[in-house]
Amino acid sequence: MIRNACVITGEGPVFANGCVCIKNGLVEYAGDNEGCSGRPPGGAMVLDAGGRYVLPGFINPHMHFYG
């Protein structure tokens, strides 16, 4: 779990005080900190982002064949 982050999902809203929950390598939840209540299960790693940004991975499919 990554807590206390500015979460930008790329799908609309920006969560200024948000969290991201990851389970088995997949994003289970991305939203406000209140949605993370009851998580994580015992023994899970929790990272405090300290207000830093969490963004989705960006892929640039742009290519020049002549390059």
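The values are calculated or read from the model by the stated rules, or taken from the named source; none is laboratory data. Predicted, not measured: the structure shown is a model, and the values here were computed from it. Cβ: placed from backbone, ideal geometry, glycine included. Neighbour counts: every protein chain shown. Each accessible area value is taken on the protein alone, full model and side chains, heavy atoms only, with ligands, DNA and RNA left out. Shrake-Rupley method; radii C 1.70, N 1.55, O 1.52, S 1.80 Å.
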Residue list for region 11-25, filter: modelled with pLDDT under 90 and either open to solvent by 80 Å² or more (accessible area, probe 1.4 Å) or closer than 11 Å to Val54 by Cβ (or both): Glu11, Ile22, Lys23, Asn24
Can you give me the number of residues within region 1-48 that are in contact with a Gly (Cβ under 7 Å, 6 or more places away or on another chain), more than 21 Å from Ile59 (Cβ to Cβ) and either touching a residue at least 24 places away in the same chain (Cβ under 8 Å) or charged (D, E, K, R) (or both)? 7
Condition broken by Asn60, with the remaining ones in (1) among the polar types (S, T, N, Q); (2) at pLDDT 80 or above; (3) not in a strand (DSSP E or B) satisfied: (2)
Say whether the condition of being part of a loop (DSSP other than H, G, I, E, B) and among the hydrophobic types (A, V, I, L, M, F, W, C) is met by at least one residue in region 23-44. yes
Being small (Gly, Ala, Ser) and either outside any loop (DSSP other than H, G, I, E, B) or within 13 Å of the chain's Cα centre (by Cα) (or both) is the filter; apply it to region 45-57 and report the residue that is surrounded by the most Cβ atoms within 10 Å (Cβ to Cβ). Ala49
